[in-house]
Amino acid sequence: MLTLLPPILCLLPLTILTFQWGTDSLGADPVATLLYETGIWSLRFLLLTLCVTPLRALLKWPAQDSESNHLRRTFGLSAFGYSSLHLLCYLWFDQSFEWSDILSDIFTRPAIAIGGLSFLFLTTLALTSNQTMINLLGKRRWKQLHQLIYLTALGSVAHFWLLAMSKVDVREPLMYGFLLTLLLLLRYPPLLNWLNKPQSP
Amino acid sequence: MLIKHPDDILPSEITSETLYQDRRQFIQTAMNTTVVTAITMATPTLLTPAHAKGLLPSSPDTSYLQELPNVKKSTFSVNEELTPLEKIISYSNFYEFGTSKSDPMRHAHTLKTRPWQVIIGGEVEKPGILNIEDILKQFPLEERIYRHRCVEGWSMVIPWVGFPLADFLKRCQPTSKAKYVQFFTLRDSEQMPGQKRDLLDWPYTESLRIDEAMHPLTLLSVGMYGKTLPNETGAPIRLVVPWKYGFKCIKSIVKVHLVEQQPFTSWETADASEYGFYANVNPDVPHPRWTQAKERRIGELTKRKTLLFNGYADQVGELYRGMDLTKYY
């Protein structure tokens with residue numbers, strides 16, 4: 001039951017968004033709301049993925065590697081799912097699948113280029129997230145490849161920052177940038193070791 | 001001889017294996033519970049501030065709006081589908097009440113629109129102070145259905161009620177030195193809580209060249225949909241310049257000042273590279289961070305092409321003849 005809960009909760013925002021879509025309660029500009037919500041949930045799940053390692057150290061999680069890996073994978077795949085929806089909304093509602101417009105958008109707006117690149121990284125991570133790929137690549141190379149999560153998360157925050165329409169109000173991307181910095185700092189080996197240190201009785 | 005040392009640890013102090021296993025089990029359960037509780041608690045709190053846009057009541061309070069009498073239909077109107085009043089109210093950039101588009105709907109009730117005075121001064125023969133009631137009586141009101149295009153890339157069609165700014169300016173007789181008209185929004189952080197943050201250089205100020213101000217399309221609006229303006233949309237009196245981006249259409253005006261030099265506007269002061277003085281709707285001049293070639297009409301899913309001068313090129317193109325529109329954006 002407990003192993004089923006995280007994936008169910010990962011689907012909760014999608015369920016709410018679908019319900020709001022169905023009842024026409026996404027606000028005056030449903031597309032803007034959908035773009036915002038799918039994007040922000042993708043970013044939140046990316047950050048949750050990055051929470052697993054420090055949380056495990058901090059709470060002296062005795063669980064096996066496979067269990068934390070499983071949680072990481074659930075969050076990571078959720079991030080991929082929401083970002084796929086995010087991309088679909090952009091391609092469909094914003095660009096009506098007009099590829100020449102999309103290309104020029106990528107080349108003229110750094111925010112779009114960075115967002116697209118982050119999505120490519122995340123796709124790579126999602127496609128290689130199963131056991132078969134771990135075996136195929138070998139654990140070492142797989143781990144190296146999955147360092148891409150850091151670039152993906154940095155790219156996502158940069159994308160959000162650059163897009164913050166009201167340039168004068170960047171509190172929200174700033175908050176996510178701060179959280180990401182914190183999560184990256186916790187990976188600094190001395191800090192992680194300190195977290196890992198067994199607690200005195 | 002074998003000397004047996006007594007154990008350092010008494011057998012009674014050793015944790016039994018079952019208890020040890022229980023501990024692991026306990027920690028694991030605690031860990032799972034922590035994760036689950038964290039997600040459960042985070043989900044609704046993260047969802048709610050997430051631009052509560054979608055979670056707002058769909059019908060805002062409009063009971064306080066008053067019917068405006070003797071409104072004539074204008075021939076300047078476009079024949080396009082109107083944006084419903086609730087959408088206009090719930091989707092408004094009015095930073096004096098917060099930066100989210102639904103913020104005005106939550107906070108604009110603190111705005112007191114009666115009594116309200118507009119000060120006219122600067123390069124005019126007849127400076128003075130006008131009460132909003134007198135303004136409503138003095139100027140014949142017309143309904144004008146205009147396209148409204150925001151610099152962010154969305155648009156609406158709004159049935160404004162108002163009168164030409166030109167009529168208003170002629171009353172106070174601008175002098176020959178009056179080259180620009182400057183407008184100011186109310187400054188009162190009690191009524192407008194958004195002004196407590198230094199987002200813009202309050203009070204909000206906008207300006208038009210005198211020929212733009214005197215153009216027959218330029219409107220001082222006091223209402224929409226046949227009634228007084230909802231607070232969220234700039235009550236009790238605001239500017240409407242249909243061929244310019246929405247931020248030029250300054251809301252809740254308390255002061256009109258005619259000047260000789262081109263004044264700085266609020267958004268120009270905030271970032272001149274992104275928001276120019278002219279701010280004419282132009283699909284060929286992109287905003288530094290996004291294209292202006294397309295727009296989403298509120299109520300539609302996909303985007304439509306943006307028209308030069310928001311479709312009013314025939315009427316206003318003459319004002320900008322010979323000007324480099326990429327330089328004077």
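Scanning the range B:74-106 for residues that are outside any loop (DSSP other than H, G, I, E, B) and of a type in the set (S, T, N, Q) turns up just one, B:S90. Filter the range A:1-58 down to the residues that are outside any helix (DSSP H, G or I) and among the charged types (D, E, K, R), then identify the one that is farthest from A:L162 (Cα to Cα). Going through the qualifying residues, I end up with A:D24. Every residue in the range B:146-167 that is surrounded by fewer than 22 Cβ atoms within 10 Å (Cβ to Cβ) and more than 14 Å from every other protein chain (Cβ to nearest Cβ), please. If the condition is that a residue be surrounded by fewer than 22 Cβ atoms within 10 Å (Cβ to Cβ) and more than 14 Å from every other protein chain (Cβ to nearest Cβ), then B:R147, B:P159, B:F163, B:A166, B:D167 are the ones that fit. Checked against (1) over 25 Å from A:T128 (Cβ atoms); (2) away from every other protein chain (no Cβ under 11 Å), A:A28 passes all but condition (2). Sub-6 Å Cβ pairs linking a first residue in the range A:5-24 that is facing chain B (nearest Cβ under 9 Å) to a second residue that is in a helix (DSSP H, G or I) and not β-branched (V, I, T), at least 6 apart or interchain, are A:C10/A:S78; A:P13/A:W41; A:L17/A:E37; A:Q20/B:G54, ordered by first then second residue. Pairing each residue of the range B:281-292 that is more than 7 Å from every other protein chain (Cβ to nearest Cβ) with any residue that is surrounded by 18 or more Cβ atoms within 10 Å (Cβ to Cβ) and assigned to a strand (DSSP E or B), provided the two are 6+ apart or on different chains, yields C-beta distances under 8 Å for B:V281/B:R149; B:V281/B:K244; B:P283/B:K294.
Considering B:D198, B:D167, which residue is in contact (Cβ under 8 Å) with a residue 24 or more places away in the chain and within 28 Å of B:V281 (Cα to Cα)? Just one listed residue meets the conditions, B:D167. Against the numbered list (1) of a type outside the set (F, W, Y); (2) at pLDDT 95 or above; (3) assigned to a loop (DSSP other than H, G, I, E, B), A:D169 comes up short only at (2). Considering the range B:293-313, the residues that are assigned to a loop (DSSP other than H, G, I, E, B) and within 11 Å of another protein chain (Cβ to nearest Cβ) include one that is surrounded by the fewest Cβ atoms within 10 Å (Cβ to Cβ), namely B:L301. If we scan the range B:163-173, do we find a residue that is aromatic (F, W, Y) and over 16 Å from B:G121 (Cβ atoms)? So far as the range B:163-173 goes, yes, one or more of its residues are aromatic (F, W, Y) and over 16 Å from B:G121 (Cβ atoms).
Only one entry of A:S118, A:S104 meets the criterion of being part of a helix (DSSP H, G or I), touching a Ser or Thr at 6+ places or on another chain (Cβ under 7 Å) and surrounded by 14 or more Cβ atoms within 10 Å (Cβ to Cβ), and that entry is A:S118.
Per the conditions (1) within 27 Å of B:W243 (Cβ to Cβ); (2) of a type in the set (D, E, K, R); (3) out of contact with any helix residue (DSSP H, G or I) (no Cβ under 9 Å at 6 or more places or on another chain); (4) at pLDDT 95 or above, the sole criterion not satisfied by B:E96 is (3).
Considering the range B:189-205, and only residues there that are under 14 Å from the mean Cα position of the chain (by Cα) and outside any loop (DSSP other than H, G, I, E, B), the residue that is surrounded by the fewest Cβ atoms within 10 Å (Cβ to Cβ) turns out to be B:G194.
Is it fair to say B:V240 is surrounded by fewer than 22 Cβ atoms within 10 Å (Cβ to Cβ), touching a Phe, Trp or Tyr at 6+ places or on another chain (Cβ under 7 Å) and under 24 Å from B:P216 (Cβ atoms)? No; evaluated as a whole, the condition is false for this residue.
Just to be sure before I move on: is A:L48 in contact with a Phe, Trp or Tyr (Cβ under 6 Å, 6 or more places away or on another chain), within 21 Å of A:T152 (Cβ to Cβ) and within 11 Å of another protein chain (Cβ to nearest Cβ) in the structure I sent? Here the answer is yes, as A:L48 does meet what is asked.
The values are calculated or read from the model by the stated rules, or taken from the named source; none is laboratory data. Treat the numbers as computed from the prediction; the structure is a model and nothing was measured. As a convention, Cβ positions derive from the backbone with ideal geometry for all residues, glycine included, and neighbour counts pool all protein chains shown.
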